[in-house]
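Written below as structure tokens is the structure these notes are about.
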Amino acid sequence: MIILTLAGFLSGFAPNTAIAKTSVQGAMIPMNFTELAQKVKPGVVNIRTVKIVKGGGRVFRHFFGKPFGNNDPFKDFFGPFQQQDPQQREFKQRSLGSGFIIDREGYIVTNNHVVENADQIKVKLANEKEFDAKIVGRDPKTDLALIKIDESSDLVPLKIGDSDALKVGTW
């Protein structure tokens, strides 16, 4: 999804191989986005997050709480697994997303919902190198976030185009 979104932001890209035979007012229309995807791939990253969640919801309490009070018929069987209060247990909630590098200093744009409330953020580059990241800023209303990794030698930033130069319907 983010690669298609990048198509609107990237400027100066003119595909020269996969072009349709028809044109609209003299402009050639690309048959697909393979060339664009290949060009931006080094600047697109994979983002994995972990959020530590304590306790559980109503369903969790139903199954691991005390629905039968002190006369729980399953106590002998499940007892060893219920040594701590279910409200105090910790679980790792994992999520995946993508983003793109905007400069050689390690700044990456992604979606807010990918990194919101994350306890750990890992970024994997196209060359398979992986780095820890931290949130620099985020805007829930626009669902955008800016994260940063402390790496600059292997980063390939994507050029952000001028949205004022686009017209409705521009690829």
Segment 13-65: strands (runs of 3 or more DSSP E) wholly inside it with 1 or more residues that are within 26 Å of Asp103 (Cβ to Cβ) and at pLDDT below 85 are none
Scan segment 117-145 for residues that are of a type in the set (Gly, Ala, Ser) and within 13 Å of Thr49 (Cβ to Cβ) and jot them down. Ala118, Ala133, Ala145
Considering only segment 99-120, I want to know if a residue exists there that is in contact with a helix residue (DSSP H, G or I) (Cβ under 7 Å, 6 or more places away or on another chain), assigned to a strand (DSSP E or B) and over 23 Å from Gln38 (Cβ atoms). no
Take the conditions part of a strand (DSSP E or B) and within 30 Å of Lys54 (Cβ to Cβ) and apply them to Lys148. Does it pass? yes
Test: residue in segment 87-98 that is surrounded by fewer than 11 Cβ atoms within 10 Å (Cβ to Cβ) and among the aliphatic types (A, V, I, L, M): yes
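The values are calculated or read from the model by the stated rules, or taken from the named source; none is laboratory data. All of these numbers come straight from a predicted model, not from anything done at the bench. Every residue, glycine as well, gets a Cβ built from its backbone with ideal geometry; the counts of neighbours run over all protein chains shown.
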